[in-house]
Structure formats: structure tokens, C-alpha cells
Amino acid sequence: MEFGVSIALYTVMLMISLTLLLSFSDSPWQYAIAVLPIIPAIMVTVAVLRGLKQLDEMQKHIQLMSFAISFVIVGLTTFTYGFLENTGLPHIPYVWIFPFMIVSWGLTTPLVSRLYQ
């Protein structure tokens with residue numbers, strides 16, 4: 001429940017932030033408005049950590065391995081692409097790195113779980 005509420009708040013704050021930035025693009029408030037979604041993002045992080053705390057030792061180990069693998073995937077991918085940007089490939093905004101890490105963590109978890117069946 002905590003995770004769902006946090007994600008919903010994140011979605012709402014993101015839409016509010018993007019909408020307000022259109023009106024306040026030259027305002028000193030633009031920086032505060034731009035980071036509004038960070039507040040519920042922190043709430044999502046806390047919810048995930050609380051959920052991980054409730055897992056048994058095997059599930060914690062699976063999550064740790066999945067996170068480690070996603071860390072390597074994202075790290076090597078962004079590192080490689082950073083070099084490729086020197087060849088003229090378009091720059092990818094940093095805001096996409098964290099979602100990439102979350103998706104890769106989610107995709108590696110079932111694969112790591114199979115190792116322990």
C-alpha cells in the first residue's frame with residue numbers, strides 16, 4: 001500500500017511539476033518546481049527499503065544479487081554510451097539512469113530467483 005501511494009504521489013507531482021514549469025520557466029521558483037517529484041521519489045525509496053527489510057534471508061540474497069547485476073548492467077551501459085557520445089551519438093539525460101536501474105533490477109530478479117529453485 002505504501003509503495004502504491006508513493007508511486008501515485010510521484011505521478012501526480014511529476015505532472016504538476018511539468019505543467020507549472022511551462023508557466024514559471026523564467027521564475028526563481030523553477031528550480032523548486034523542477035524537483036517537486038523528488039519528495040515522493042524518496043517516499044518510494046523508503047517503501048522499497050521497508051519491503052526489503054521484511055523479506056527472509058533467501059529473498060534478501062536474491063534481491064541483493066539482482067541489484068548487483070543491475071548495477072553492473074547500468075554502470076557498464078552508461079559508461080560505454082558515454083564514450084560513444086564522443087562519436088556524435090545524442091546525449092541521454094541523466095534522469096533516465098535511475099529508471100533504467102529500476103527496470104534492470106526488476107528484470108534480473110526473476111532470472112536470479114530461478115538460480116535458487
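Throughout, read-outs are computed from the coordinates displayed, never taken from laboratory work. This one's a predicted model, so the numbers in the text were calculated from it and none came from an experiment. Here the Cβ is made from the backbone with ideal geometry for all residues, glycine too, and neighbour counts use every protein chain on show.
The dipole here belongs to the chain: it is taken about the Cα centre, uses +1 on the Cβ of Lys and Arg and -1 on the Cβ of Asp and Glu, and is about 240 debye. Spin-label pair ILE92-LEU22: with each label point 7 Å from Cα along the Cα-Cβ axis, the two points sit 2.8 nm from one another.
Taken as entire DSSP H runs, the helices of the chain that both span 24 Å or more between Cα atoms along their own long axis and average -0.5 or more on the Kyte-Doolittle scale are 2-23, 57-84, 97-115.
Thinking of the range 55-117 as a set of Cα atoms, what percent of all their pairs are more than 14 Å apart?
Looking at the range 55-117, the distances longer than 14 Å represent 61 percent of pairs.
Build a GNM of the chain with springs between Cα atoms under 10 Å apart, and of LEU14, LEU36, LEU84 the one that fluctuates most is LEU84.
Protection proxy ranking for 61-67, 50-56, using the average of other Cβ atoms within 10 Å per residue and placing the highest first: 61-67, 50-56. Note on the range 1-54: Cα-Cα pairs beyond 19 Å make up 35% of the total pair count.
Using a simple spin-label model with pseudo-atoms 7 Å out from Cα toward Cβ, ILE102 and THR77 lie 1.4 nm apart. In plain terms, the chain from LEU9 to ILE42 could stretch by 10.8 nm, reckoned as 0.36 nm per residue minus the Cα-Cα distance. Spin-label model, LEU111/ARG50: points 7 Å from Cα along the beta carbon direction are separated by 3.1 nm.
At 222 nm, what helix-only mean residue ellipticity would the chain give, in deg cm²/dmol to the nearest 500, using -39500 (n - 2.57) for each DSSP H run of four or more?
-26000 deg cm²/dmol
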